[in-house]
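Enquirer: The following block contains the structure, expressed as structure tokens.
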Amino acid sequence: MSARMGLTTRLALARTLVWTGLQNEPKTLAERVRQLCSQRADLIVISQPDAIGDDLLIGYRAARQAADGRAILGIRADARLAARSTADLVVSDAGTRIAPGHPHGLVMAVAEGTQAARQALADARVDAVVLPAGAVTEAARLAPPADPGSKPWFAAVDSVSSGRTVVEAGARRLAFPLPGETGVRAYRQLLDAAWRDEMEQVSLAAFAKR
């Protein structure tokens, strides 16, 4: 199985994406990533808009060692920095220049509105999309999560309560900031029933590609 096919399979099976900053030092970030992996975060993306120099790349290397392959680890970066990274997932703003950080890596776009979400879902360069709660209904129509042929998309939420709302609206993957005491588990529990009842075909299709 190729490296890209392996990542694509894991992306198809993913339910949760967690955003994290660099923390105060690489050691702290690494410990945070270990905790998230133990809580079964599927994707972990390092996002630090005010990062200086190579801080983002240094943090990524520390986080990657801590993750040890248990989660897809990515960075939110511009094309220049992405080209210098070895990240298996690079996240860009929808509509900007998109560049993977790894020859076989994945590309994710963050859409700020329904129109941007619609464009990102149709963009052949993009493997997955993060979109706002207001775009969930349209995304569910254009790319039904239970359809194995649909591009994976994650609804951006900031709490378990808002997660529940978008799941009821049709979302089956969630993107959220570092969780508090409830951890990743609370978000996964929101999705358990839907994945058990609706997403079986997605899981079967993903495993069939192995």
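The values are calculated or read from the model by the stated rules, or taken from the named source; none is laboratory data. Computed from a prediction, not measured in an experiment: that's the story for all the values here. Cβ: placed from backbone, ideal geometry, glycine included. Neighbour counts: every protein chain shown. Calculation scope for accessible area: heavy atoms of the full protein, side chains included, ligands and nucleic acids excluded. Shrake-Rupley method; radii C 1.70, N 1.55, O 1.52, S 1.80 Å.
Enquirer: For residue 38, what accessible surface area do you get with a 1.4 Å probe? Give it in Å², rounded to 10.
Expert: Here the accessible area works out near 80 Å².
Enquirer: Can you tell me the FRET efficiency between residue 205 and residue 78 if r is taken as the Cβ-Cβ distance and R0 is 25 Å, rounded to the nearest 0.05?
Expert: That pair, residue 205 with residue 78, gives E of 0.15.
Enquirer: Turning to a different aspect of this structure: Can you give the local net charge around residue 202? Use residues other than it whose beta-carbon is closer than 9 angstrom to its beta-carbon, Lys and Arg +1, Asp and Glu -1. All intermediate terms of the calculation are to be shown ahead of the outcome.
Expert: Working: positive: 172; negative: 147, 198, 200.
Around residue 202, the charge tally is -2.
Enquirer: If I fit a long axis through the Cα atoms of helix 3-13 and take the longest principal axis of the Cα atoms of the chain, what angle between them do I get, 0 to 90°, rounded to 10?
Expert: Once rounded, the angle reads 50 degrees.
Enquirer: First measure r as the distance between the Cβ atoms of residue 115 and residue 13, then evaluate 1/(1 + (r/R0)^6) with R0 = 22 Å and state the FRET efficiency to the nearest 0.05.
Expert: E(calc), rounded to 0.05, equals 0.15.
Enquirer: Antiparallel versus total DSSP beta bridges in the chain: what percent is that, nearest 5?
Expert: Within the chain, antiparallel bridges account for around 0 percent of the total.
Enquirer: Tell me, what is the per residue accessible area of the chain in Å², probe radius 1.4 Å?
Expert: Numbers: 10000 Å² over 210 residues.
That works out to 48 Å² for each residue.
Enquirer: Quick check: Cα centre of the range 50-124 to Cα centre of the range 126-182, how many Å?
Expert: When both Cα centres are located, 18 Å separates them.
Enquirer: Just to confirm the number: angle between the C-alpha axis of helix 183-197 and the first principal axis of the chain, 0 to 90 degrees, nearest 10?
Expert: Computed tilt is about 30 degrees.
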